[in-house]
Amino acid sequence: MRPEHFATVLDAVSDAVLTIDRDFIITGFNRAAERLTGHRRSDVIGRHCYEVLRSNGCQTIDRCPMTLALRVGEQLGTREVAILNRANEEALVRITFTPLFGFEAEIVGGVETFRAADAPADASLPTRSAALSILKATERRAIEEVLQRTGWNRTVASRELGVSRITLWRKMRKLGIKPTS
């Protein structure tokens, strides 16, 4: 998926979303995250997540929930944590940590989804299946774009995506991608 499409998808989500790579460098930051933290996207992309959120759980790697999510490869339940916003004011948020997988099922980073802790109960954080459906839709769109650009040539598309032809075929089947007539 092209970066401008990725940013549009993130901005469409009402919860604050922050994506990181394996080194905890912020790679995505949506508008809701800007509103909640007071930080501009352009100021946080490329910085470590712990430099921006500054939660007490972020200070040591053994207490960082995202470290655990990346280690076990599964979403962690929602937790309430205090973060410091840009004005150094404490904000209590509910946050969920989810690993982000690459084409070969390796962990390539993570997604932190959060909202103010005083948000209404019916506006809770997305469930695991909802978070996965957003990621699956994003993955599907990226694969379809490459397939269309390559004229549905799976050999060329798999090379461009950096996966084997069989992995591409499996992902197409899993995501319900079929060649257009």
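The residues on offer are ALA130, ALA137, and the sole one that is modelled with pLDDT under 80, in a helix (DSSP H, G or I) and either assigned by TED's automatic domain parsing to the domain that holds ARG54 or within 24 Å of SER158 (Cβ to Cβ) (or both) is ALA137. Take the conditions modelled with pLDDT under 85 and closer than 20 Å to ALA33 by Cα and apply them to ARG86. Does it pass? In short, no. Screening THR8 on (1) of a type outside the set (Lys, Arg); (2) without any contact (Cβ under 8 Å) to a residue 40 or more places away in the chain; (3) surrounded by 14 or more Cβ atoms within 10 Å (Cβ to Cβ) shows it passes everything except condition (3).
Among the residues of the range 140-151, the ones that are exposed (fewer than 15 other Cβ atoms within 10 Å of the Cβ) and not in a helix (DSSP H, G or I) come to 1 in all. With respect to ARG79, determine if the residue is in contact with a His (Cβ under 7 Å, 6 or more places away or on another chain), of a type in the set (Lys, Arg) and either exposed (fewer than 12 other Cβ atoms within 10 Å of the Cβ) or more than 30 Å from LEU168 (Cα to Cα) (or both). For ARG79, the condition - in contact with a His (Cβ under 7 Å, 6 or more places away or on another chain), of a type in the set (Lys, Arg) and either exposed (fewer than 12 other Cβ atoms within 10 Å of the Cβ) or more than 30 Å from LEU168 (Cα to Cα) (or both) - is not met. Consider LEU36 carefully, then state whether it is among the aliphatic types (A, V, I, L, M) and modelled with pLDDT under 90. For LEU36, the condition - among the aliphatic types (A, V, I, L, M) and modelled with pLDDT under 90 - is not met. Restricting attention to the range 152-181 and to residues that are part of a loop (DSSP other than H, G, I, E, B) and among the β-branched types (Val, Ile, Thr), the residue that is modelled with the lowest pLDDT turns out to be THR180.
So that you can scan it fast, the table gives a plain yes or no per residue for (1) of a type in the set (D, E, K, R); (2) assigned by TED's automatic domain parsing to the domain that holds ILE26; (3) touching a helix residue (DSSP H, G or I) at 6+ places or on another chain (Cβ under 6 Å):
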{"position": "ARG47", "(1), (2), (3)": "yes, yes, no"}
{"position": "ALA82", "(1), (2), (3)": "no, yes, no"}
{"position": "VAL93", "(1), (2), (3)": "no, yes, no"}
{"position": "PHE97", "(1), (2), (3)": "no, yes, yes"}
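Please go through the range 86-104 and pick out each residue that is over 14 Å from VAL17 (Cα atoms), more than 17 Å from the chain's Cα centre (by Cα) and crowded, with 17+ Cβ neighbours inside 10 Å. Across the range 86-104, the qualifying residue is only ALA91.
Please specify each residue of the range 155-167 satisfying the condition of being crowded, with 17+ Cβ neighbours inside 10 Å and without any contact (Cβ under 8 Å) to a residue 40 or more places away in the chain. Matches in the range 155-167: ALA157, SER158.
Kindly indicate whether ARG40 is in contact (Cβ under 8 Å) with a residue 24 or more places away in the chain and loosely packed, with under 15 Cβ neighbours inside 10 Å. Show your work before the answer.
On the way: in contact (Cβ under 8 Å) with a residue 24 or more places away in the chain: no; loosely packed, with under 15 Cβ neighbours inside 10 Å: yes.
No: the conditions fail for ARG40.
If you filter the range 114-125 down to residues that are at pLDDT 50 or above and under 17 Å from the mean Cα position of the chain (by Cα), you find that the one that is surrounded by the fewest Cβ atoms within 10 Å (Cβ to Cβ) is ARG115.
Of the residues in the range 105-113, at least one is modelled with pLDDT of 80 or more and surrounded by fewer than 15 Cβ atoms within 10 Å (Cβ to Cβ).
The values are calculated or read from the model by the stated rules, or taken from the named source; none is laboratory data. These figures come from a predicted structure and were not determined experimentally. Because the Cβ atoms are built from the backbone with ideal geometry, glycine has one as well, and the counts that use them run over all protein chains shown.
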